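The values are calculated or read from the model by the stated rules, or taken from the named source; none is laboratory data. Because the structure is predicted, anything quoted here is derived from the model rather than measured. For neighbour counting, all protein chains shown are included, and Cβ atoms are generated from backbone atoms with ideal geometry for every residue, glycine included. Side chains included, ligands, DNA and RNA excluded: accessible areas come from the protein's heavy atoms. Shrake-Rupley method; radii C 1.70, N 1.55, O 1.52, S 1.80 Å.
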Amino acid sequence: MITSKQRAYLRGLGASCPAIMQIGKSGVTDNLIKTVSDALEARELVKLTVLENCEGTPRDVSDALCEALGAEGVSCIGRKIVIYRESKEKKTIILPR
């Protein structure tokens, strides 16, 4: 669990990074979960775009991904979601206390 100060710090980092994936009409699938998990292990902070034709709302997609991955939802603004999970091998982001 991250604190509100840490969430604000991650939100600032996520604002400048580009969205690396798009979630379309198929929604949250096993393949998407595996791909996002690999991206989180490499980057720790991932920004995704939820397309208009996706079944659920961006908040629903964010919650489903976070639950499946054991990650933290950082922000959900419009159709963009930002997810954080600490890397096991390659920690690059130092969170404030």
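Brief remarks on what is shown
- Beta bridges assigned by DSSP with both partners in the chain are antiparallel in approximately 75 percent of cases.
- Charge tally in the Cβ shell below 11 Å around ALA39, where Lys, Arg are +1 and Asp, Glu are -1, ALA39 excluded: +1
- Packing around the peptides 87-93, 25-31, 44-50, 6-12, taken as the average count of other Cβ atoms within 10 Å per residue, puts them in this order, highest first: 44-50, 6-12, 25-31, 87-93.
- Helix 30-43 and the long axis of the chain differ in direction by around 20°, with both axes built from C-alpha atoms.
- FRET efficiency, ASN31 to ARG11 (Cβ-Cβ, R0 25 Å, nearest 0.05): 0.35
- Helix 58-69 axis, angle to the chain major axis (alpha carbon atoms, nearest 10°): 60 degrees
- Value of relative contact order over the chain, rounded to a whole percent, pairs C-alpha under 8 Å and six or more apart: 34 percent
- Computed label-point distance, nm, for sites LYS80 and THR3 using a 7 Å Cα→Cβ extension: 2.6 nm
- Seen against the Cα atoms of the chain and their longest principal axis, helix 4-16 is set at about 60 degrees.
- Under 14 Å from the ARG97 label point (7 Å along Cα→beta-carbon), backbone N, region 21-47: none
- Shape box of the chain [Cα atoms, principal axes, largest first, Å]: 38, 26, 22
- In the full protein context, region 1-41 carries 61 Å² of accessible surface per residue, based on a 1.4 Å probe and ignoring ligands, DNA and RNA.
- Heavy-atom surface analysis with a 1.4 Å probe gives the chain a carbon and sulfur content of 51 percent of its accessible area.
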